[in-house]
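In what follows, a structure is listed as structure tokens, so that the remarks can point back to it.
The values are calculated or read from the model by the stated rules, or taken from the named source; none is laboratory data. Since the structure is predicted, the reported quantities are computational estimates derived from the model, not experimental observations. Don't worry about glycine lacking a Cβ; one is built from the backbone with ideal geometry, like all the others, and counts go over all protein chains shown.
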Amino acid sequence: MRIYLYLLAGLISALVGWNLAQLILTDWGVLRGMPEIVLYPCIAISLAVGLVANEICISSPIRPKMIWRVMKKTLPIAAVLGLLMGLAIGGLVQIIYLPEIPGSSRAVRVVGWFLIGLTVGLVEALTWQMRSLEAGDRRRYRQHALTSVLAAIAASVVAALLFEWLRLPLGGTLEGNWRRLEDPIGYSILGLLLGLALSITSSPSYMVALRAGAGFEYLRKVMGQGSPRETARIQRLKLPILKFISEKKEVDEIEEGLSIQLPTFGMIRIGSSEKNSNIYLPGLPPHLADIELRAREAFLDPNPKYYDMIAVNGKYLTGRQETPLKHNCVLTFNTLDGSSTDESPNHRKFYRFIFYNRFLDPQS
């Protein structure tokens, strides 16, 4: 379904851009003598805005307010960049088409579509850092940007070559009909392949993470004179072994809503030992459980003494065996008796995480 939505978005965006150019050139009569200066900006703007908007909607399909908030920030940038790059491409192509400059129209078209692909890839890469928490990792951002640009360029060049290959037999058989259809068919191919390329480069990353849920509130209260001014139950993680998926730097305090990125391989210890715990949670046993990370697999390995304090998806463990973790698993770690909150002294405190192994929601 995801690939189909990208293909549809690319197709519709390309056709909208082409029809907008025809409206300006034919109905309004603007710059009829220099059609490339109109056509390329319209195609570039439409593809850039349409494919970026499609990515935003697919990332958070049931959160319209957030979609609108992100679109307000990113789509104007996509439109401006598409316009500037499109004008530059159209001007360059128009110059190459001058009678004084020898050249093949096929080669010019390949170059023009190559530059359109470059534009779409750059726009997607630049706006991605405004709509994805993954972009807080500079290495990950550079990797994504390079992949998006190269994939968009490759898709546009393949589209141009495929279109030129189709023109040879069809141009002679369809004659006048083909001449009327070749531009929308060609840009449809371009939009489809660009949509396919971006559906691959923007696919969910394999990123193992724990998102902090309930139980990570702070308890800070001003006490009377002669007492500490505040008390706090603060949960921490060990840097640099673990880090948050955010733009915060050198922050180790766990708060509700933050996602902790886990390594691809290794063992993560959870407990109340400040010295030995990678994820330090006051009120738990010194060593409650480990999360063992293998090649694209993760397992929860409980301490045999305390396995009954752990629940996976609401069901408490009934044995000491390790439990495989799947995407969207909910992990609940109960504290020891007596670790209740001041607000609810009869209610046992717990910590809750959601386990992810694919980074689906860029701004979650």
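Within the set of pairs 6 or more residues apart or between chains, which connect a residue that is modelled with pLDDT of 90 or more inside region 322-350 to a residue that is exposed (fewer than 10 other Cβ atoms within 10 Å of the Cβ) and of a type outside the set (Phe, Trp, Tyr) with Cβ atoms less than 8 Å apart?
330/314; 332/314
Report whether or not residue 286 is modelled with pLDDT of 90 or more, more than 27 Å from residue 203 (Cα to Cα), assigned to a loop (DSSP other than H, G, I, E, B) and not assigned by TED's automatic domain parsing to the domain that holds residue 61.
yes
Scan 219, 210 and give me the residue that is more than 30 Å from residue 51 (Cβ to Cβ) and at pLDDT 60 or above.
Of 219, 210, the one residue that is more than 30 Å from residue 51 (Cβ to Cβ) and at pLDDT 60 or above is 210.
Based on what the data block shows, is residue 29 on the phi > 0 side of the Ramachandran plot and assigned by TED's automatic domain parsing to the domain that holds residue 159?
In short, yes.
Among the residues of region 18-64, how many are touching a Ser or Thr at 6+ places or on another chain (Cβ under 6 Å) and either assigned to a loop (DSSP other than H, G, I, E, B) or closer than 23 Å to residue 92 by Cα (or both)?
3
Exactly one of these conditions fails for residue 70: (1) assigned to a helix (DSSP H, G or I); (2) surrounded by fewer than 19 Cβ atoms within 10 Å (Cβ to Cβ). Give me its number.
Tallying (1) assigned to a helix (DSSP H, G or I); (2) surrounded by fewer than 19 Cβ atoms within 10 Å (Cβ to Cβ), residue 70 fails exactly one: (2).
Would you mind finding the one in 189, 234, 200 that is over 27 Å from residue 158 (Cβ atoms), modelled with pLDDT of 55 or more and of a type in the set (Val, Ile, Thr)?
234
For region 263-319: of the residues being under 16 Å from residue 235 (Cβ atoms) and basic (Lys, Arg), which is surrounded by the fewest Cβ atoms within 10 Å (Cβ to Cβ)?
275
Residue under question is residue 104, and the condition is that it be in contact (Cβ under 8 Å) with a residue 40 or more places away in the chain, of a type in the set (Gly, Ala, Ser) and more than 20 Å from residue 191 (Cβ to Cβ); does it hold?
In short, no.
Among the small types (Gly, Ala, Ser) and under 17 Å from residue 119 (Cα atoms): does that describe residue 53?
Yes, satisfied.
Out of curiosity, is residue 77 touching a residue at least 60 places away in the same chain (Cβ under 8 Å) and among the β-branched types (Val, Ile, Thr)?
The answer is no for residue 77.
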